[in-house]
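The values are calculated or read from the model by the stated rules, or taken from the named source; none is laboratory data. Predicted, not measured: the structure shown is a model, and the values here were computed from it. Methodologically, a virtual Cβ is constructed for each residue, glycine included, from the backbone with ideal geometry; neighbour enumeration extends over all protein chains shown.
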Amino acid sequence: MGAIQGKQSVLKGVIKNSEQISSFLTERQKQLVKESWTIVAQDLVGTGTCVFKRLITKYPELSKLFKKFMTLRDDGKYDWDLDGLQRHANLVMQGLEAAIDNLDDSRVLSLILNDLGRKHARYQVQEDMFDKLWDALRFGLKQALGDQFNREMSDAWFAVFKFISRQIITGMRQQRSISNHI
């Protein structure tokens, strides 16, 4: 299971060793993300739920990570624990909101994301899953923003997502390194 071919990948390219999200995007991109967030924030739960349903249905191999939110029926369709999924989606979207709120100063956010990565390492989250999550998030943003979600907007959001992913991955690697030395 490698990175999604032919599409943007959080796993490709030089990893900037920076705790500052501003080193990942331009002033114009910051502006685009902040402006579009005012629309997305009107329905955090709905957008987040859309993202996770897309993630699980497009990449069914990831369903094992979300068993507490859904049950696969014999006919191949899912029965969702909508309350649980919405709670998780809301938490994730609130985390994204914290990143947006800290586009200019994200040192504390980096520490929080690293800690989140350490927790996700314990759930067996793998690095290549972040490309799949980007695909699902891009889908959810497109649903929320409609025609406003053009190439420039997508690139701006990708820069933010790449920063978040890289910080979480750093935390995952730290946790695995600690676990391997025990």
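Scan segment 66-81 residue by residue and report those that are over 19 Å from Arg122 (Cβ atoms), surrounded by 14 or more Cβ atoms within 10 Å (Cβ to Cβ) and either of a type in the set (A, V, I, L, M, F, W, C) or at pLDDT 80 or above (or both). Those that are over 19 Å from Arg122 (Cβ atoms), surrounded by 14 or more Cβ atoms within 10 Å (Cβ to Cβ) and either of a type in the set (A, V, I, L, M, F, W, C) or at pLDDT 80 or above (or both): Met70, Trp80, Asp81.
Considering only residues of segment 59-101 that are in a helix (DSSP H, G or I) and touching an Asp or Glu at 6+ places or on another chain (Cβ under 8 Å), which is nearest to Gly46 (Cα to Cα)? Result: Phe69.
Taking the stated definitions as given, is Trp37 surrounded by 15 or more Cβ atoms within 10 Å (Cβ to Cβ), of a type outside the set (A, V, I, L, M) and closer than 21 Å to Glu97 by Cβ? Give the steps one after another, and end with the answer.
Values: surrounded by 15 or more Cβ atoms within 10 Å (Cβ to Cβ): yes; of a type outside the set (A, V, I, L, M): yes; closer than 21 Å to Glu97 by Cβ: yes.
Yes: the conditions hold for Trp37.
When the residues of segment 159-182 are filtered to those that are surrounded by 19 or more Cβ atoms within 10 Å (Cβ to Cβ) and out of contact with any helix residue (DSSP H, G or I) (no Cβ under 7 Å at 6 or more places or on another chain), the one that is nearest to Ser9 (Cα to Cα) is Lys162. Just to verify a result, which residue in segment 130-142, among those that are surrounded by 19 or more Cβ atoms within 10 Å (Cβ to Cβ) and not basic (Lys, Arg), is nearest to Gln175 (Cα to Cα)? Only one residue fits best here, namely Phe130.
Please tell me if Ala156 is within 23 Å of Asp101 (Cα to Cα), touching a Gly at 6+ places or on another chain (Cβ under 9 Å), part of a helix (DSSP H, G or I) and not basic (Lys, Arg).
no
Only a single criterion out of (1) of a type in the set (Val, Ile, Thr); (2) without any contact (Cβ under 8 Å) to a residue 40 or more places away in the chain; (3) surrounded by 13 or more Cβ atoms within 10 Å (Cβ to Cβ); (4) closer than 26 Å to Gln175 by Cβ is not satisfied by Val108, namely (3).
Checking the stated criteria, Glu127 turns out not to satisfy the condition of being of a type in the set (D, E, K, R), touching a residue at least 60 places away in the same chain (Cβ under 8 Å), surrounded by fewer than 18 Cβ atoms within 10 Å (Cβ to Cβ) and in contact with a Phe, Trp or Tyr (Cβ under 8 Å, 6 or more places away or on another chain). When Lys16, Lys12, Lys58, Lys30 are checked against the criterion of being at pLDDT 90 or above, out of contact with any strand residue (DSSP E or B) (no Cβ under 8 Å at 6 or more places or on another chain) and within 16 Å of Phe163 (Cα to Cα), a single residue qualifies: Lys30.
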